Amino acid sequence: MSDISFVNLSKSFGSVTVFQNLNLKIEAGEFIAFLGPSGCGKSTLLRMVAGLEGVDAGEIRIGDRRVDTLAPGARGVAMVFQHYALYPHMSIADNIAFGLRNIGMESAEIDERVAEAAEMLEITPLLARKPAQLSGGQRQRVAIARALVKKPEAFLFDEPLSNLDAALRLRTRIELAQLHKRTKATTIFVTHDQVEAMTLADRIVVMREMRIEQIGAPMEIYNAPANAFVASFVGSRPINMLPVSLAEGSGGIAMARLPDGSVLPTTVPLNSINAGPHQLGLRAEACMPDPEGALSGKVEIVEHLGDRTSLHLRLPDGSPLVVEADGQTHISSGDTVRFGVAPGRLHIFDAEGLAYNPVQVK
């Protein structure tokens, strides 16, 4: 395994600049996710590592080698695509072995590698079958095995789970986590699904419109988003965003006044805040029903999710807000509930969407 470095990397398609002087280092053995909406440049960056897209300026280095000038096959990486791209007329064993045979590896070594990868991915009983006889999840494991047998310096995954149904995505996600734990290979995983990024990656690179918005460990990004986009994009339920005005509270700490007149203490010093307008970011799980809570709202929709319940509220001024309650709650539509929020769970964003002094959960 080797580290991967992007050094002053630039890429354009005609007049459209994709990246300009991008710098990033992925540590050896690290599992890193490129996360962002469609069109943000994450797949282009992955394809540049693989050699499927050229580099206009700068360097890509794997270990101590500069690889952006090398042919794709000489870079020491293996890529798994969104589409399985298996040869339908070949057996599963032959599909896995195809790349090794192309480089002239001896048959005994090929058989050993195929057997090892098949055992690791639990597809040994499928080796004699054809791709048409496999489920989508099994075909994806074959595609991963085909990459695994190459024993590359790095694995590149381009949205490999997007064609699977929900149950298979969950199982395959767990299998990928187990695979990385066993191989400890440097891995880049491209996805637009924040759940995949949060559950698999050591670090996440959040991207938007051809630029990096934030890099950090999953919970670091979740608890301390750098801006309103990251706060909204990362999280299984979008963060609540409300306009607020700010005033000084005890000890110089900012107090956030909501449109309905409710006031919440923050942990942000008022003297660090610029002139408005400002927005308050509030995650659903940070709001819990509390008879003594500072906020209240009327329940419009109740979503029972088993372990928890999501309450869709309407605040007195008409603003929508989603809060979480216990899975066994008896709160119903039409009820008015009070709820509270810990100061450390609030996020304040300026007019440009930048966060003030992001804080960790207390």
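The values are calculated or read from the model by the stated rules, or taken from the named source; none is laboratory data. Predicted, not measured: the structure shown is a model, and the values here were computed from it. When we count neighbours, we look across all protein chains shown, and the Cβ atoms used for this are built from the backbone with ideal geometry, even at glycine.
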### Query
Which is of a type outside the set (A, V, I, L, M, F, W, C) and within 29 Å of the chain's Cα centre (by Cα), of Pro316, Pro259, Pro320?
Pro320
### Summary
Within region 321-356, the residues that are more than 29 Å from Ile212 (Cα to Cα), of a type in the set (Asp, Glu) and surrounded by fewer than 21 Cβ atoms within 10 Å (Cβ to Cβ) are Asp326, Asp335
### Task
Check region 69-92 and report whether any residue there is assigned by TED's automatic domain parsing to the domain that holds Val18, at pLDDT 90 or above, charged (D, E, K, R) and under 18 Å from Thr187 (Cα atoms).
yes
### Summary
The residue from Leu315, Leu258, Leu305 that alone is aliphatic (A, V, I, L, M) and surrounded by fewer than 12 Cβ atoms within 10 Å (Cβ to Cβ) is Leu305
### Query
Quick one: which of Phe189, Phe229 is surrounded by fewer than 21 Cβ atoms within 10 Å (Cβ to Cβ) and among the aromatic types (Phe, Trp, Tyr)?
Phe229
### Query
Within region 267-284, can you find the residues that are in contact (Cβ under 8 Å) with a residue 40 or more places away in the chain, surrounded by 16 or more Cβ atoms within 10 Å (Cβ to Cβ) and part of a helix (DSSP H, G or I)?
Ala284
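Take region 46-82 and flag every residue that is of a type in the set (A, V, I, L, M) and assigned to a strand (DSSP E or B).
Pass one, region 46-82, residues of a type in the set (A, V, I, L, M): 46, 48-50, 52, 55, 57, 60, 62, 67, 70-71, 74, 77-80.
Once the filter is applied, which keeps residues that are of a type in the set (A, V, I, L, M) and assigned to a strand (DSSP E or B), region 46-82 yields Ala57, Ile60, Ile62, Val77, Ala78, Met79, Val80.
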### Task
Please report, ordered by residue number, the helices (runs of 4 or more DSSP H) entirely within region 136-212 with at least 3 residues that are modelled with pLDDT of 90 or more.
136-148, 194-200
### Task
Working carefully through the options Arg141, Arg146, find the one that is of a type outside the set (Phe, Trp, Tyr), under 18 Å from Glu122 (Cα atoms), free of Cβ contacts under 8 Å to residues at least 40 places away in the same chain and buried (at least 23 other Cβ atoms within 10 Å of the Cβ).
Arg141
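Determine, yes or no, whether Gly99 is more than 23 Å from Val234 (Cα to Cα), in a helix (DSSP H, G or I) and not basic (Lys, Arg).
It is true that Gly99 is more than 23 Å from Val234 (Cα to Cα), in a helix (DSSP H, G or I) and not basic (Lys, Arg).
Here's the yes/no breakdown for (1) at pLDDT 90 or above; (2) closer than 18 Å to Ala256 by Cα:
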site	(1), (2)
Arg283	yes, yes
Pro291	no, no
Glu303	yes, no
Pro316	yes, yes
Asp326	no, no
### Answer from Val337, Val299 - the residue that is in contact (Cβ under 8 Å) with a residue 24 or more places away in the chain, of a type outside the set (Ser, Thr, Tyr), touching an Asp or Glu at 6+ places or on another chain (Cβ under 8 Å) and not in a loop (DSSP other than H, G, I, E, B)
Val299
### Query
Based on what the data block shows, is Ile4 under 24 Å from Gln82 (Cα atoms), modelled with pLDDT of 95 or more and either basic (Lys, Arg) or in contact with a Phe, Trp or Tyr (Cβ under 9 Å, 6 or more places away or on another chain) (or both)?
no
